[in-house]
Amino acid sequence: MVKIAIEEFLNMLPAVKHSPRKFLWSSYDPEGDVLYINFKKPSHATDSELTDNDIIVRYDGKQIAGVTILNAMKYKKKRILKWGTRATRKG
């Protein structure tokens with residue numbers, strides 16, 4: 001039997017619940033230590049911004065399409081990570 005830590009996945013529930021579209025897809029690149037989170041599939045970005053804390057917020061028009069978290073393991077111990085300086089984009 002394969003053992004998985006269900007609690008780890010259940011800890012993601014608040015993130016899914018508060019995501020822009022109530023869905024998320026993610027993947028992690030251990031070599032680059034990069035976490036990719038998409039809020040829609042397919043995920044197409046028309047614009048992006050790099051925040052001061054190594055997070056790339058990707059936009060599709062005025063909506064957030066996803067985030068890319070660089071150096072992701074440094075956030076492992078932090079419970080709250082703020083991103084997206086603009087909830088909706090102007091123009």
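Of the residues making up the stretch 2-40, those that are surrounded by fewer than 10 Cβ atoms within 10 Å (Cβ to Cβ) and part of a loop (DSSP other than H, G, I, E, B) are 2, 3, 4, 5, 18, 22, 30, 31.
If you go through the stretch 43-58 and keep only what is in a strand (DSSP E or B) and either under 21 Å from residue 33 (Cα atoms) or under 12 Å from the mean Cα position of the chain (by Cα) (or both), you end up with 48, 49, 50, 55, 56, 57, 58. Among the residues making up the stretch 13-53, a single one is touching a Leu at 6+ places or on another chain (Cβ under 9 Å), at pLDDT 90 or above, farther than 20 Å from residue 76 by Cβ and not polar (S, T, N, Q): 50.
Within the stretch 1-20, the set of residues being free of Cβ contacts under 8 Å to residues at least 24 places away in the same chain and not aliphatic (A, V, I, L, M) comprises 3, 7, 8, 9, 11, 14, 17, 18, 19.
The values are calculated or read from the model by the stated rules, or taken from the named source; none is laboratory data. Not measured: the values here are computed from a predicted model. No Cβ is skipped: glycine too gets one built from the backbone with ideal geometry, and neighbour counts run over all protein chains shown.
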